[in-house]
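The values are calculated or read from the model by the stated rules, or taken from the named source; none is laboratory data. Because the structure is predicted, anything quoted here is derived from the model rather than measured. Because the Cβ atoms are built from the backbone with ideal geometry, glycine has one as well, and the counts that use them run over all protein chains shown.
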Amino acid sequence: MALLLGALFLPAELFPTAFPSSPPGQTRKQGKKPQNPAKEDPARVQAIQAFHAWLKNWKEGITPLRTNSGPDLETRNQMEQIFSNVAALGDLEAAQILFQAATVTPPPMGSQDTLRMEPWYVRRRARRLIAGMKGEAITNWLSALLLSKDSDRPQSPVRAALEILSWRPDGARALSRVEKLALSGRPGTRLTAIHVLGGLGNPKAATLLRRLLKEGRPEIRSVACAALATLLQPYTDQTLPASRRPGKIPSSLVRSVLDDLGALLLADRAWQVRAAAGDALVHLKTARAIPYLIKGLAAEEKRRGKKDWCRRVALGLGRGLRSLTGMDLPLEHAAPWKSWWAKKGKNMRVRALGAPKDQGKGAAGVYARYFNIDVESDRLLFLVDASGSMARKVKLKRKYAGIPNEAVKFDLVRKELSKVILSLPPSAAVNVIFFNQDVLPFRPMSPGNPGLMPMTEANKEALLEFLNLAVPQGLTNLYGALDLALQVGRGTGKKAWKGRYRSRTNPLTFDTIYLLSDGAPTTGKVIDPDRILELVDQANVVKKVVIHTISFGDVNNAKFMDELARRNGGRHVHLE
């Protein structure tokens, strides 16, 4: 749970209490004249001078962290060493110096040049190092930064301080100020603060988080669900031995949180919020959550066929029940679970979470299988790599869609996807996006209009023709496809949420993505896999879309695709 980055560098002069205003190598202490660098520790002077020199060169584009062929490991290692040397100084001044990198963005210099500088990587490494620096003075200073004027941008001092505090063992000292931002901060900062409340580990935050479950904005309710689960799970997790738990919390608090999450699961009109509430109940890992999950599953059964029904919610609840109990009961039907709970629930304890048992068996309710992944939902978006490398042949160990083991990759995908489309009922709704250096959806998409269309015979015929006419060529703009699908680059404010899921003209929205690619991103606004993962995390924490991934060939790409699926409730299949 699950914070976008990018804007202009904020000079030290704007924060005289936070940043040293002396030239590199000189320091100024309050109430004292600047000391002569020659009288200071030479290693300290050298570390600070090296930092300022590196940051200056980086901002001028002299030391990019990425080449056209991939990450520049030598430059990255150099940056890591320079930053670590400053962090090793261990005092408030060193933290304030590093904070310049924690909030920095290079000046505009062309999209590809800026991408090669990887400002998100620079900021993240600086923030992690500050988080690891010990000292009450550093925590107090970070807490004071929460009172700064907030630009509501991820690289602002407020957002940076929030993120760093969430990683510090003593970050809970800033609880009251984080709570204030969670209540009345700017839209994007509110979401960040709510997320941080879950990670600070102070059960007192539960009071405010419960209050936020009643907020009018669905994204606030969704993130508050996740934060409550993160906050309380160490105390409620029945799979942990008592020695690994941080202590006890009042049983009444756990019951109140379960009641609140259960109420959302039964009655919230936004399926994304119901999914978040269900996920939170499962994450608590306590048998006390199971009756709430069963009631939620029964409510989804009654909701079936209505406007706010979403199969993804029912499947998530069913899988959650299976993982908590180890019972292989139906995923979408509550009656067997009710009967089992009435007989066995009294003495039941949660088992260690396991993988869902239904995958790989052709489970009931499956429309088809797409490269060995069950197609269960009826609101589907397929993202298909149509870059030049997809025109090459591949030799596989098994057959798909009746194609010989050796075949052109794109032909293989085209026939496998055609099989899925033909198997879907008319009530299913689908869109397909091809991506190379461009991003081409079958049906136009926009915020509030995901372009899904029902799978009538006429629409199936048109979609199959679209598949057959596509020709693989060009580079791989994987980020562009995900951005169009999830609007990962649109921020987290009110405008970013409004209309993302429903519109008056098209109430349908997808709840499941199938992403297929044979290589790492090579073009587009973002090409760094770690950065793409981070942006998807930020967008999907409130959208709750399941993302399944399929990869060919490249091992590094397979690791990225596997992590993308793991973080978003999906499965990954590597074709070899």
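Starting from residues that are out of contact with any helix residue (DSSP H, G or I) (no Cβ under 8 Å at 6 or more places or on another chain) and at pLDDT 90 or above, keep the ones in the stretch 194-233 and report whichever is nearest to PRO250 (Cα to Cα). Walk me through how you get there before you give the answer.
Within the stretch 194-233, the subset out of contact with any helix residue (DSSP H, G or I) (no Cβ under 8 Å at 6 or more places or on another chain) is 207, 211, 216.
Now narrow it down to the ones that are at pLDDT 90 or above: 207, 211.
Numbers: THR207: 13, ARG211: 18 Å.
Filtering the stretch 194-233 for residues that are out of contact with any helix residue (DSSP H, G or I) (no Cβ under 8 Å at 6 or more places or on another chain) and at pLDDT 90 or above, the one nearest to PRO250 (Cα to Cα) comes out as THR207.
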TODO: For PRO37, state whether it is modelled with pLDDT under 75, assigned by TED's automatic domain parsing to the domain that holds LEU146 and within 30 Å of ALA520 (Cα to Cα).
DONE: no
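Condition check ((1) over 17 Å from PRO234 (Cα atoms); (2) polar (S, T, N, Q)) across all residues:
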position: VAL257; (1), (2): no, no
position: GLN272; (1), (2): yes, yes
position: ALA280; (1), (2): no, no
position: LYS285; (1), (2): no, no
position: ALA289; (1), (2): no, no
position: ILE294; (1), (2): yes, no
TODO: Return only the number of the condition from (1) surrounded by fewer than 18 Cβ atoms within 10 Å (Cβ to Cβ); (2) more than 23 Å from ASP528 (Cβ to Cβ); (3) in contact with a Phe, Trp or Tyr (Cβ under 8 Å, 6 or more places away or on another chain) that ALA95 does not satisfy.
DONE: (1)
TODO: Kindly indicate the residue of the stretch 333-368 that is assigned to a loop (DSSP other than H, G, I, E, B) and over 22 Å from ALA565 (Cβ atoms) and also modelled with the highest pLDDT among those meeting that condition.
DONE: HIS333
TODO: Take the stretch 527-553 and flag every residue that is surrounded by fewer than 20 Cβ atoms within 10 Å (Cβ to Cβ) and either in contact with a strand residue (DSSP E or B) (Cβ under 9 Å, 6 or more places away or on another chain) or not assigned by TED's automatic domain parsing to the domain that holds ASN436 (or both).
DONE: GLY553
- [ ] Name the residue, out of ARG392, ARG398, that is at pLDDT 80 or above, surrounded by fewer than 21 Cβ atoms within 10 Å (Cβ to Cβ) and not acidic (Asp, Glu).
- [x] ARG392
Open item on the list: Going through THR189, THR239 one at a time, which residue ends up being assigned by TED's automatic domain parsing to the domain that holds ARG351 and among the hydroxyl-bearing types (Ser, Thr, Tyr)?
Closed with: THR239
- [ ] Could you check, for the stretch 167-181, whether at least one of its residues is within 20 Å of GLY278 (Cα to Cα) and of a type outside the set (Gly, Ala, Ser)?
- [x] no
TODO: Would you check which residues across the stretch 539-557 are farther than 25 Å from HIS195 by Cβ, modelled with pLDDT under 85 and aliphatic (A, V, I, L, M) and list them?
DONE: VAL555
